[in-house]
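> The structure follows.
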Amino acid sequence: MVMIMRIMKFGGASVATAESFHRIAEIILQQTDEEIVVVVSAMGQTTDELLTLAKKVHPEPPRRELDMLVSVGERISIALLAMALSKQGRDAVSFTGSQSGIITCTNHSQANIIELRPKRVREALEKKKVAIVAGFQGVSKLGEITTLGRGGSDTSAVALAVALGADAVHFYKDVEGIYTADPKTHADAQLVSEMSYEEALELTKKGAKILHPRAIELARKNGVQLYVRTFKKDSQIGTVVGKGVLRNAVIEYEGEN
């Protein structure tokens, strides 16, 4: 029997408050897939607040220690989401980037993923638990905590999809999908229901921040579809990037730069 897997990614806006985690838990519980992996960002402005704090202590903090500090944000989110799911009767287990087997290069603050070894994630799925993974972070070949740079949680989600053999990643945002312009500032912006990877990348070059270009590139290389929809209401409206693509036979990561 082929198991159906769903990879879900929730950004900082979707986990801005303690109450937000109950809403995210509701969305997860609505899914009928047998295996669910959830990638979560830090709450709201947590990463910015930690960076500001670091600058108050040291104007040019060592990048290793900066990674150690800012990686705390995602760890808070994954633990709180696991608690919210537990309250609603769903078994879940949280993993840091290193615990989930995200192996990176040694470049602190801007690390690239070079390998995934999601053994513990697979074990959790086999036990019918929701696996909750901290986005944005991993561990270097030298055993050091690393972070992937701004928007790195998007890349974490796509990389896990590649490693686990999932066909798609579902991104939950504070907008209903990808628009022709920022709907928060342009009343005439139109929702785009489907687009190619190339079209999505072109939008990022024009300043769109709905998906990180590294995540789109990784998805394109490996034939992973990207769905973008809102967490604010129950709706199937959204955007799919790369509809109809076929999975490549060779898994490609980001290199060792």
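> Taking 0.36 nm per residue of separation and subtracting the Cα-Cα distance, what length does fully extending His58 through Leu142 add?
Values: separation 84, 0.36 × 84 = 30.24 nm, distance 2.50 nm.
Gain on extension, His58 to Leu142, equals 27.7 nm.
> Treat each spin label as a single point 7 Å out from the Cα along the C-beta direction, and report the Lys184 to Glu26 distance in nm.
Inter-label distance under the simple model: 2.2 nm.
> In percent, how large is the relative contact order of the range 5-241, given Cα pairs closer than 8 Å and 6 or more residues apart?
20
> Past the 24 Å Cα-Cα mark, which pairs from Lys127/Lys243; Lys119/Lys232; Lys9/Lys243?
In this structure, Lys127/Lys243; Lys119/Lys232 lie more than 24 Å apart at Cα.
> Place a +1 charge on the Cβ of each Lys and Arg in the range 5-241 and a -1 charge on the Cβ of each Asp and Glu, then give the dipole magnitude about the Cα centre in debye, rounded to the nearest 20.
It comes to approximately 460 debye.
> Sorting Val121, Val241 on the 10 Å Cβ count, fewest up front, what's the list?
Listed from fewest to most nearby Cβ atoms, that is Val121, Val241.
> With a Förster radius of 45 Å, plug the Cβ-Cβ distance of Lys243 and Asp91 into 1/(1 + (r/R0)^6) and report the FRET value to the nearest 0.05.
That gives a FRET efficiency of 0.85.
Read the figures in this text as sums done on the coordinates, not as results from a lab. All values derive from a computational prediction rather than experimental measurement. Methodologically, a virtual Cβ is constructed for each residue, glycine included, from the backbone with ideal geometry; neighbour enumeration extends over all protein chains shown.
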